[in-house]
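> This is the structure, below, for whatever I ask next.
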Amino acid sequence: MSEIKASINNAQVIGELLEMNLEEITKEVTLKGANGVEKKVTCQQMAKKDFKNPMFLVDVKGNAIGVDFFPASEKKLDENGQIIDNPNFKSLKTVLENYIPKNNAKEGEVPTRVKIDGILSANEYVNKDTYEFKSITQVNGFRITSTGVPEEDSADCEISGIIRSIIPETKGEDAEETGRLKVELYTFNRNAETTPFTFIVEADLADDFNSFYEAGQSVKLYYEIITKQVGVKKPTTGGFGRRESHMVSGFSVTEYSVFRGDPAYEENSYENVGYYINPEDMKRALNERDIKINNMIQKAKEDSNKPKNSPKGASSSSTKANPFGSSTKKSPF
């Protein structure tokens, strides 16, 4: 396999802190260091109160953007295996004690404006009841600050990878095309493991995107994080009052909307060495990913007390029909 660099993957969220799902707890943890060194200690830890919700919710131009952080223990191991203080713990403790989220702001208090740096990541797991592999896209932060925060809200990000497919977005039972595109982009980490993400190209950019890119190309895209409400306004039936309720039914969804892109990376370009991904290398990476997923599913079955047979109605194949129709740009891998 050719040398593959870790993909460019930078996410930045700037806005007003809406909610903070964070607490300090005492916990026994296993500290891991270099060369497989591990030490068990009981110490303080900064972690989420509710594991189902993101650690921070930030208002970005009216969009509520969720960002997660990994739990930060009070202690960590240095390169020699010695226990030392963890600066990430101190950073999150400062946030907990000093930052003011809008939902907890008292009269006269100004909610804290924050800048969070992170990456786009995938929370991958196997459903213990159905043994179905799941992948949830989220932003994982590694730094949050209230110092030097720009005045303008932003959730602009950048990422590189290889395009596997470009397909029209459809909706409804009739598969009506919306005019937008769905782009499946595969990225790589430092271990040359690949992870897919889905991006949206709005209708006004769809033709340009289709003429500029095709499946199999290695690219760098710029996108913004957007949240949208999916649902309808609740109808008013009788009763009294001076106005109708503005509440809606349904749920919110997060989209990753491409707003520009650089020229595709070329195989022999000196500046792009490592970011160009050979389709043959991509095939091998996809095969390794399939093995990883199958191993996760097998482990979930072995760890479960339920029968190892597939649930009734479940398919024995991990391949599912594409609900968005056939790609107009065929993938080379």
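The values are calculated or read from the model by the stated rules, or taken from the named source; none is laboratory data. Source: prediction; values computed, not measured. Cβ coordinates were reconstructed from backbone atoms using ideal geometry, including for glycine residues, and neighbour counts include every protein chain displayed. The area values use the complete protein model at the heavy-atom level, side chains included, leaving out ligands, DNA and RNA. Shrake-Rupley method; radii C 1.70, N 1.55, O 1.52, S 1.80 Å.
> Can you tell me how many residues in the range 9-33 are closer than 30 Å to GLU266 by Cβ and surrounded by 15 or more Cβ atoms within 10 Å (Cβ to Cβ)?
Here is the first cut: in the range 9-33, the ones closer than 30 Å to GLU266 by Cβ are 9-12.
Imposing the further condition that a residue be surrounded by 15 or more Cβ atoms within 10 Å (Cβ to Cβ) reduces the set to 9, 11-12.
Final tally of qualifying residues: 3.
> Which ones in the range 144-171 are in a strand (DSSP E or B), among the acidic types (Asp, Glu) and either over 17 Å from the mean Cα position of the chain (by Cα) or closer than 14 Å to VAL201 by Cα (or both)?
To start, the set of residues in the range 144-171 that are in a strand (DSSP E or B) comprises 144-145, 154, 156-171.
Checking which are among the acidic types (Asp, Glu) leaves us with 156, 158, 169.
The answer is GLU169, and nothing else.
> Residue check, GLU74 against (1) touching a helix residue (DSSP H, G or I) at 6+ places or on another chain (Cβ under 6 Å); (2) within 17 Å of ASP117 (Cα to Cα), all met but one. Which one?
(2)
> Something else now. Looking at (1) more than 23 Å from VAL149 (Cα to Cα); (2) in contact with a Lys or Arg (Cβ under 9 Å, 6 or more places away or on another chain), can you tell me which one ILE100 breaks?
Condition not satisfied by ILE100: (1).
> Next up: Report, by residue number, each residue of the range 189-219 that is open to solvent by less than 60 Å² (accessible area, probe 1.4 Å) and assigned to a strand (DSSP E or B).
The answer is THR194, THR195, PRO196, PHE197, PHE199, ILE200, VAL201, SER218, VAL219.
> Within the range 132-152, does at least one residue satisfy the condition of being open to solvent by less than 70 Å² (accessible area, probe 1.4 Å), in contact with a Leu (Cβ under 7 Å, 6 or more places away or on another chain) and of a type in the set (Asp, Glu)?
Within the range 132-152 (the criterion being open to solvent by less than 70 Å² (accessible area, probe 1.4 Å), in contact with a Leu (Cβ under 7 Å, 6 or more places away or on another chain) and of a type in the set (Asp, Glu)), the answer is no, since none of the residues qualifies.
> Just name the residue that is nearest to the chain's Cα centre (by Cα) out of those in the range 96-113 that are among the hydrophobic types (A, V, I, L, M, F, W, C) and in a loop (DSSP other than H, G, I, E, B).
So in the range 96-113, the residues among the hydrophobic types (A, V, I, L, M, F, W, C) come out as 96, 100, 105, 110.
Filter once more, so that each one left must be in a loop (DSSP other than H, G, I, E, B): 100, 105, 110.
Values: ILE100: 25, ALA105: 28, VAL110: 29 Å.
Of everything passing the filter in the range 96-113, ILE100 is nearest to the chain's Cα centre (by Cα).
> Taking the conditions exactly as written (surrounded by fewer than 19 Cβ atoms within 10 Å (Cβ to Cβ) and not aliphatic (A, V, I, L, M)), does ARG164 satisfy them or not?
Values: surrounded by fewer than 19 Cβ atoms within 10 Å (Cβ to Cβ): no; not aliphatic (A, V, I, L, M): yes.
So ARG164 fails the test.
> Specify which of the listed residues (LEU205, LEU221, LEU185) is more than 27 Å from PRO71 (Cα to Cα) and over 17 Å from the mean Cα position of the chain (by Cα).
Details: LEU221 fails: over 17 Å from the mean Cα position of the chain (by Cα); LEU185 fails: over 17 Å from the mean Cα position of the chain (by Cα).
None of the others qualify; the one that does is LEU205.
> Shifting gears a bit: Looking at GLY66, GLY81, GLY36 in this structure, which one is small (Gly, Ala, Ser) and crowded, with 18+ Cβ neighbours inside 10 Å?
Details: GLY81 fails: crowded, with 18+ Cβ neighbours inside 10 Å; GLY36 fails: crowded, with 18+ Cβ neighbours inside 10 Å.
Within the list GLY66, GLY81, GLY36, the selection yields GLY66.
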